[in-house]
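Presented below is the structure to which this report refers.
Bear in mind these aren't lab numbers, they're just calculated from the coordinates by the rules spelled out. Please read these numbers as outputs of a predicted model, since none were measured by experiment. Cβ atoms come from the backbone with ideal geometry, glycine included; neighbour counts cover every protein chain shown.
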Amino acid sequence: MRYKVVYFVHSYYPASHGIAIHLYNLIKHLKKHIDYRIITSEGIGERVIARDFIKIPGFSSLYVPHPESIYDILTMDYDIIHVHGYGNLYALIGAFVGLLRGKKVVWTIHGIPQKGIFFTLYDLFARPLLKRSIVIGVSSKTSKLIKQFHHIPNGVELKNCMGSYKEQVAVGYIGRLDPDKRVDRLIKEVKSFPIVIVGPDEGMRKKLEKMAEDKQVTFLDPVPYEEISQIYCKLRYVVLPSKYEGFPMVMLESLAHKRPFVSTPVGEVPMFLKEMFGDKYKKYIINGTIEETLQKLEKEDLDEELEQAYKKLEKYSWENIAKKTLEVYKHALGERD
């Protein structure tokens, strides 16, 4: 049986948002099993319907769906509507319409925003819908919102960089430039390494560029996902100073390129790093300033433990993540192997 699935998401490839890249990789491995459409505000592809409408300034993922896109999900023939994210209107509206039509709603939660007025209001309307949906949590922290969910993390494809991380000199950040990512902390605290910052601007780039005027910082525009390996391979360390995360894809991709990943202890980061490195994982968690953490790592040769972590990543392949997602679809529709 080929399931009919509509993905109602605010962003899709070639956008470089985490949800966009997650779904892009997922569909590469799911498309042989499903008939699908992607309805979004930005994206390209044979089965993509992209209509730009309104984006609310100051919010990284608050796109208002086009009225025609809402009409599509009200009238299209599908078995499942799959929404992504907790804090965007696409997920809220998609779940509401799907449940209204008596369709199965699969809702993937990637991260949980910190409390605030907007999130409190969003949560008030979203929580009843979430309880009637089939929930996938990229992070086990999803239990803060709902107790029963399928834990399916982000995936990754293993890559090969020429040479050791020690042959490179730059510290890098790869991701969205919004306040919650705390890229400003990277610029303030790193003193001994050149810095490379790559990602879509979400209202922070001008401020960050002004902070970096007297420092060795290079800002790069987002590159196509299929070319991102070139960036990772040129980095000595990858740093994520975020306020909150779920299961960050950049963490997987760093280790898939055998590049040390340094982060704040947010979301699933400590648990995953412990899985990869055992009791040695704490040295990759920012302790003190970012500079101090990097200098401690500079005293060690990390190649061997990076190699061991690389071998453990097979279970996180996108093919395996897609298989687990397909099982969720089967169970949602009452199918069993």
Using the beta-carbon distance between Arg127 and Lys32 and R0 = 45 Å, what value does 1/(1 + (r/R0)^6) give for FRET efficiency, to the nearest 0.05?
-> 0.80
Scattering profile of the stretch 165-315 at q = 0.09 Å⁻¹ [log10 I(q)/I(0), Debye over alpha-carbon scatterers] = -0.25
Chain lengthening between Asp303 and Met76 when straightened (0.36 nm per residue, less Cα-Cα) | 76.6 nm
Rounded to the nearest 0.05, what FRET efficiency do Lys282 and Ser192 have when you use their Cβ-Cβ distance and R0 = 25 Å?
-> 0.70
Over the stretch 5-49, what is the mean sequence separation of C-alpha contacts under 8 Å (at least six apart), divided by residue count, expressed as relative contact order in percent?
-> 48 percent
Taking R0 as 35 Å, what's the FRET efficiency between Arg205 and Arg51 from their Cβ-Cβ distance, rounded to 0.05?
-> 0.85
Bin by bin, in steps of 5 Å, what percent of the Cα pairs in the stretch 1-121 do you find, going until the bin that has the longest distance?
-> 2, 11, 23, 26, 21, 11, 4, 1, 0
With Rg from the Cα atoms and Rh as the Kirkwood inverse mean 1/r over Cα pairs, the chain has an Rg/Rh of 0.97
Rank by packing, highest mean first: peptides 99-109, 299-309, 225-235, with packing defined as the count of other Cβ atoms within 10 Å averaged across residues.
-> 99-109, 225-235, 299-309
Sum -39500 (n - 2.57) across every DSSP H segment of at least 4 residues in the chain, then divide by the residue count to get the 222 nm mean residue ellipticity, nearest 500.
-> -10000 deg cm²/dmol
Rounded to whole Hz and in sequence order, give me ³J(HN,Hα) for the stretch 249-261 from the Karplus expression 6.51 cos²θ - 1.76 cosθ + 1.60, θ = phi - 60°, writing x for Gly and Pro.
-> 5, 4, 5, 4, 5, 4, 6, 5, 9, 6, 10, x, 10
Could you tell me how many degrees, from 0 to 90 and to the nearest 10, lie between the Cα long axis of helix 18-30 and the main elongation axis, the longest principal axis, of the Cα atoms of the chain?
-> 60 degrees
Here the relative contact order (percent) of the stretch 165-315, from C-alpha pairs under 8 Å and at least 6 apart, is 24 percent
Filter on Lys181/Lys206; Lys4/Lys330; Lys32/Lys323; Lys115/Lys206; Lys258/Lys315; Lys141/Lys243 - keep pairs with C-alpha separation over 18 Å = Lys115/Lys206
Percent RCO, i.e. relative contact order, over the chain, from Cα pairs under 8 Å lying at least 6 residues apart | 16 percent
